[in-house]
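Just so it is clear, none of the values below were taken in a lab; they were calculated from the coordinates. All values derive from a computational prediction rather than experimental measurement. No Cβ is skipped: glycine too gets one built from the backbone with ideal geometry, and neighbour counts run over all protein chains shown.
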Amino acid sequence: MINQTAILVIYTGGTIGMVQDPKTLTLRPLTFDILYKYLPVLENFNCRIDFYTFDPLLDSSDMTPAFYIHLAAVIEEKYEDYDGFVVLHGSDTMAYTASALSFILENLNKPVIFTGSQLPIGMVRTDGRENFINSVEIAAAKEFDTPIVPEVAICFENKLYRGNRTSKFNAEHFGAFVSVNYPLLAEVGVHIRYHKNLILKPNFKKLKVMKTLDENITILKLFPGIRPEAVEAILHTDGLKAVILETFGAGNAPTTPWFLDQLKEAVSSGIILLNVTQCKGGSVEMGKYETSVGLGKIGVVGGYDITTESAVTKLMYLLGCGYSTDAVKQLLQNSLRGEMTV
Ligand code: ASP
């Protein structure tokens, strides 16, 4: 029985807790004690805040599917003891981790808020302080004793995004993320304005955590002039089960026979091909243009408006669940965690 609201802050690494190595001038992660030293204001929160620190701390470029499972296992283990979770994570691959966690944590009924920063928390102009404090407040927010944001979200620069709808968009601006195809879940100003109609509703079922992710997938990003040898090499990767085809515009691709023949062969050998647009906004509409009709005929699956980050982790998750190829194709066309608009 929880009396006072309790939040677990999980520190995984990233700029938010980094310092500059005086010799090499590169940024490297520090321990959480240092990070906490810069945020004494957290003591004024009307909730209990505990910390869990990953060892080693990682730059998010070093995150792997094994790390996603480890993070999910920590949340699962502590799930009943806390009202919400804040994950401090590097921004570079945060959209992938947040997407992965949204799939792995089935029946999530508590907030899992990812945040980080563009400047280390020890710097005077850091964006980390604000991001951290906003995230704790959002993770602790309740209405009628129920969390207001019972989903995986990213809180950055006064905005709350659905995690599996985001992409890192800017390497310099404090507003590093975009979610072009889904509106903000909340905006932070004098008040935190929650857009409750856009936030997933709790289902009050027991949390289920999938502990296997299948990494036998890849991305084939198209560009004008792509060589047959390059496509062939990718499609003949050992053990390959699925390919995200990053197409042009509304899901279009070259109509040249060698290209379509290679895709056809891949589909007949059981490889799943998922059509995701290279555009940050808008949706794949197979059959809208002649240049996507052939893809549909071959059996390429349309990914609607899913982000590449979400597509990568959704495929790892679905294949990890052990579904048949047909079932995976079917589930790719359903929105499982609000990751796409069907
Ligand atoms: N390279 C860092 C990381 O993603 C950048 C950041 O923290 O935002 O871990």
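The table that follows gives values for the structure above.
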{"item": "Percent of C-alpha pairs per 10 Å bin, segment 244-306, short to long", "result": "27, 57, 16, 0"}
{"item": "Computed magnitude of the charge dipole of segment 116-271 (debye, nearest 20; Cβ of K, R +1, Cβ of D, E -1)", "result": "620"}
{"item": "Selection from ALA98, THR26, THR212 lying farthest towards where the dipole of the chain points positive, charges on Cβ", "result": "ALA98"}
{"item": "Cα centre as origin, Lys/Arg/Asp/Glu Cβ charges: the chain dipole, Debye", "result": "580"}
{"item": "Estimated FRET transfer efficiency (LEU222, ASP326; beta-carbon r; R0 25 Å; 0.05)", "result": "0.45"}
{"item": "Relative contact order computed over the chain (Cα-Cα under 8 Å; 6+ residues apart), in percent", "result": "15"}
{"item": "Unit Cα scatterers, Debye sum, the chain: log10 I(q)/I(0) for q = 0.15 Å⁻¹", "result": "-1.21"}
{"item": "Within a Gaussian network of the chain (alpha carbon springs, distance under 10 Å), most fluctuating of PRO40, PRO111, PRO22", "result": "PRO22"}
{"item": "For MET94, MET340, order by how many other beta-carbon atoms lie within 10 Å, fewest first", "result": "MET340, MET94"}
{"item": "Contact order relative to length of segment 86-152, as percent, for alpha carbon pairs under 8 angstrom and 6 or more apart", "result": "38"}
{"item": "Debye log10 I(q)/I(0) for segment 283-342, one point scatterer per Cα, at q = 0.17, 0.18, 0.22, 0.29 Å⁻¹", "result": "-0.59, -0.65, -0.92, -1.25"}
{"item": "Residue-averaged 222 nm ellipticity for the chain, from DSSP H runs of 4+ at -39500 (n - 2.57), nearest 500", "result": "-8000 deg cm²/dmol"}
{"item": "Whole-number D in µm²/s for segment 67-121 (Stokes-Einstein; Kirkwood sum over Cα pairs; 25 °C, 0.890 mPa s)", "result": "207"}
{"item": "Longest segment of the chain lacking trypsin sites (Lys or Arg not before Pro) that sit in a DSSP loop with at most 15 other Cβ atoms within 10 Å", "result": "24-124"}
{"item": "Whether segment 48-204 is rounded, prolate or oblate, judged on the alpha carbon gyration tensor where a/c under 1.5 counts as rounded", "result": "rounded"}
{"item": "Charge dipole (debye, nearest 20) of segment 1-139; +1 at Cβ of Lys and Arg, -1 at Cβ of Asp and Glu", "result": "380"}
